Structure formats: structure tokens, C-alpha cells
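Remarks on the structure that follows.
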Amino acid sequence: MTEPHSPRRILEFLAAAGVDMVVGDEPVNRLQPPPAVPEREAEAHPARPAPANAAPPPSSPAIRAAPPAPDDAIMQARLQARSATSLEELATIMAAFDGCALKATASRLVFADGNPKARVMIIGEAPGREEDETGKPFVGRAGQLLDKMLKAIGLDRNGVYIANVVPWRPPGNRTPTPQEVAICLPFIHRQIELAGPEFLLTMGAPATQNLTGRRDGILRLRGQWFDVEVAERKIPTLATLHPAYLLRQPGQKALAWRDLRALRARLAAE
Ligand code: URA
């Protein structure tokens, strides 16, 4: 029988809890007490209070890298997003932005895929593991289903532009917190504004709710058109089910198919 605290059992527990990555390169034993100062040395150099005008001690990298307080981070995100004059500039600004704690655990920014000039912009929730590895949205299993859904209405990645509300992978694919979303929203708004699509297709509850401001569940919201106002322009936005949900509930694919046909009809009509 395996010991309850054996490394194997601990790893199994962590994997079941969704921990699938390490944050630092070197393991840190936080239970180990700091090395004791030899008694004679401590006597020879007793700790003295620093003079009032002394410079602060150099901060550790962790302290220097601490993200700004959330309100501050939202403000910085707004200012920085507004300063971008092109999608390329926006991507560079976002890659350098340290206000969202998700950046510290993600491997990279997942900015966009597809054609920024497309008539349709698709917006998901946040990158998963494969997206984090490749830097492209919707490339895992959900993305493969999305490709099939697009093909069914005569589109492919060259006919759409794809991004997420949150561009960094949340650890273990957890749902991003409202605070993380609030910090990232100015960026996706600016990305929509700079791409200037005719239509938005929001996939799943988080993307739909955060862009439309509606709070109903996705099964109520899907199939409905909303106006999402971005920089004083109202963009017709269709809500649909997330492909990851459809992988778990294939019986609901008929509903998504109905939504996609509605999008196709609107594209043909306008
Ligand atoms: N799910 C999303 O919402 N976005 C991705 O990019 C991948 C999976």
C-alpha cells in the first residue's frame, strides 16, 4: 500500500486538485527555518534600528514584481489599452503589462488568431493548456470543434478573428475571477475596437456576460442578439454555447448549430 504522505500520493492529490504546473524553476522549502546566525557573529554585529533617512533595503524580486492593487491595475489597463493605435501595438503593450496576476503563472500571452480584417470576431473565456503552450486561442479539443462548427457555415480561421476575454491561462483552467476579468476587459474592448468587426460571436457564459453585461445563464442568453457598445459603436453580438461545453454535452450541439445558422443568415443578408 502507498504511504498517505508519499510523494506519489501528494502528486496524485495535487493533480486531482488541478495543479498541473510549477511556478518557480527551483523548489522552495518554506517550512525550513532561516539559517541561524552564529552566536559570536550576532554579538559582534548586533542588529541596529536603521536611521530614519536610511534608504530602504533592496527589495526581493517577488516584492518588486508585486502587481498593482486591482483598481490601479484596471486604471493602468484602460490607459495602456487606449494608447495602442494598432493591434500589433496592443499585443506588445499587453505582453508587457504586469497588472494581472495570471501573467505570472501563464507561459505567455494568448492574443489572437485568424484574420483581424474578418467580418466576425469570436470571443472565448480564457486560454487553456494548449493555447498557453502555443500562444494561439482555441487550438485544443474545444478549438478543433470550433473549426468544425465554422466549417459547417462555410467559414474557417481566415474568415474570423478569434480572441479571449482573458488572454492569460488561469492555473488549472479555473474560471478567471471577476477581478481578473475586470483588469483584462479594457484590453479586449480595445482589441474589438481596433479590429472593427461587423459582428461578435461570444462563446459561453463568461464571454457573453462580461461583454453584454447580462447576468442570465448561457442557456437563456444563447441564440439572442445583443448590442455591445465599443467606442460609441454598437456591434451586433450573438451569444452561443462554448465548444468545451458541447464536448461535455454533445446533445446540445443542435442549439449551437441553430445559432451558427442565424449568424450565417445575417452575414448573407448584410
Ligand atoms: N477556451 C476558451 O474560451 N478559449 C480558448 O482559447 C480555449 C479554450
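Structural remarks
- Listed by chain and number, the lysines whose alpha-carbon sits under 17 Å from that of Lys253, ignoring those within fewer than 8 places in the same chain, are Lys148, Lys151.
- Fully extended contour minus Cα-Cα distance, from Leu219 to Gln249, at 0.36 nm per residue: 9.6 nm
- Alpha-carbon Debye profile of region 70-269, log10 I(q)/I(0) at 0.08, 0.16, 0.18 Å⁻¹: -0.23, -1.00, -1.30
- In a reduced charge model with +1 at each Lys and Arg Cβ and -1 at each Asp and Glu Cβ, region 70-269 shows a dipole moment near 860 debye about its Cα centre.
- Ordering 200-213, 164-177 by mean Cβ neighbour count within 10 Å, with the highest value first, yields 200-213, 164-177.
- Ranked packing of 87-97, 187-197, most packed first, by mean Cβ within 10 Å: 187-197, 87-97
- Karplus-derived 3J(HN,Hα), 6.51/-1.76/1.60, for each residue of region 78-87, Hz, glycine and proline x: 4, 5, 5, 4, 5, 6, 7, 9, 8, 5
- Between Ala268 and Thr175, the contour length at 0.36 nm per residue exceeds the Cα-Cα span by 30.0 nm.
- Using the Cβ of Gly196 as centre and a radius below 12 Å, the other residues enclosed give a net charge of +2, where K and R count +1 and D and E count -1.
- Here the accessible area of region 70-269 is 49 percent carbon and sulfur, with a 1.4 angstrom probe and all protein chains present.
The values are calculated or read from the model by the stated rules, or taken from the named source; none is laboratory data. Fair warning: this is a prediction, and the values are worked out from it, not measured in the lab. Because the Cβ atoms are built from the backbone with ideal geometry, glycine has one as well, and the counts that use them run over all protein chains shown. Surface accessibility is based on the protein's heavy atoms, side chains included, excluding ligands, DNA and RNA. Shrake-Rupley method; radii C 1.70, N 1.55, O 1.52, S 1.80 Å.
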